[in-house]
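Notes follow once the structure below has been shown.
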Amino acid sequence: MKNSGQALRNSGQAVLLVLVVVAVALAFGLSIISQSNTELKISFQDQEAARAFNAAEAGIEEALKNIAVGDYSLNVDDLNVNYSVASQSTLEGVFAENESAQVSLSGASGGLTQLTVEWVDSDSSLENPGSCLNQSGGAPASLEITLTDSANQIRRLGYNACDLSAENNLTNVTDSGSGNYLRQVSFAVDGGTDILVRIRPLYNQTSLRIFGNVDLPTQAYKIDSEAQAPTLEARAIKVTRTEPATPAIFDYVLFSGSSISK
């Protein structure tokens, strides 16, 4: 009887051990299945997000093919894409050193008498280096402004964001701009005769914002495109396309309707 009881205890322990092993194996298996399902779900969501991004990008490309103000939609890879194009009378962007920003005044109303320029992101250590040296990268950008009228007469203005007038003979500006803009300056224009303004940053790149005392002709187009996958993964892209402008190198070219004599 003693041996029989011992055998039963051993048998019970063996069964318990088997159950523990089975439970551990089951838990491990369920964990693997759960992890696999999670990874599959994440992978699927990533794929759907990529589809939505590609579809939104296709909306941008479609808008750029033929710029026309309005709201539009198209179907890309079985996804609905909604995109819109809006005109902007303000020119705003970041321009590299010696890269000219071009403002068209053709078609401006006679009420246009003044342009305002705001420049230099005061929070940018690149644009606002904290020094005022007459060298590339050593100062916040100065501006060389060229105005051309309908008779091809040219006049030039120049402004510094810090005290450099003794070195370059440009006018120092101390007025602060709105928001993060370090400087602001306004100058007179004639909406009836002036047709083009080019603004070239010197010494540094700069954030730039240009607007008039009345709305300017269209300077840029803002394009918004959005697509959403069935899984509700959505992607949106925003792009601003400026009006075509003459490359900066042409600021150094001399034009003449006849022969040029040295």
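Each value in this text was obtained by applying a stated rule to the coordinates, not by laboratory testing. Quick caveat: nothing in here was measured; it's all calculated off a predicted structure. Methodologically, a virtual Cβ is constructed for each residue, glycine included, from the backbone with ideal geometry; neighbour enumeration extends over all protein chains shown.
In percent, how large is the relative contact order of the stretch 90-217, given Cα pairs closer than 8 Å and 6 or more residues apart?
48 percent.
Cα-Cα pairs above 26 Å in the stretch 90-217: how many percent?
Roughly 18 percent, rounded to a whole number.
Could you give the length gained by full extension between Asp163 and Asp77, i.e. 0.36 nm per residue of separation minus their alpha carbon distance, to one decimal place?
Contour length minus Cα-Cα distance gives 25.3 nm.
Which one of Thr146, Asn98, Leu182 has its Cα pushed farthest toward the positive end of the charge dipole of the stretch 90-217, where Lys and Arg give +1 and Asp and Glu give -1 at the Cβ?
Thr146
Give the distance, in whole Å, between the Cα centre of the stretch 49-74 and the Cα centre of the stretch 80-147.
If you average the Cα positions of each part, the centres end up 27 Å apart.
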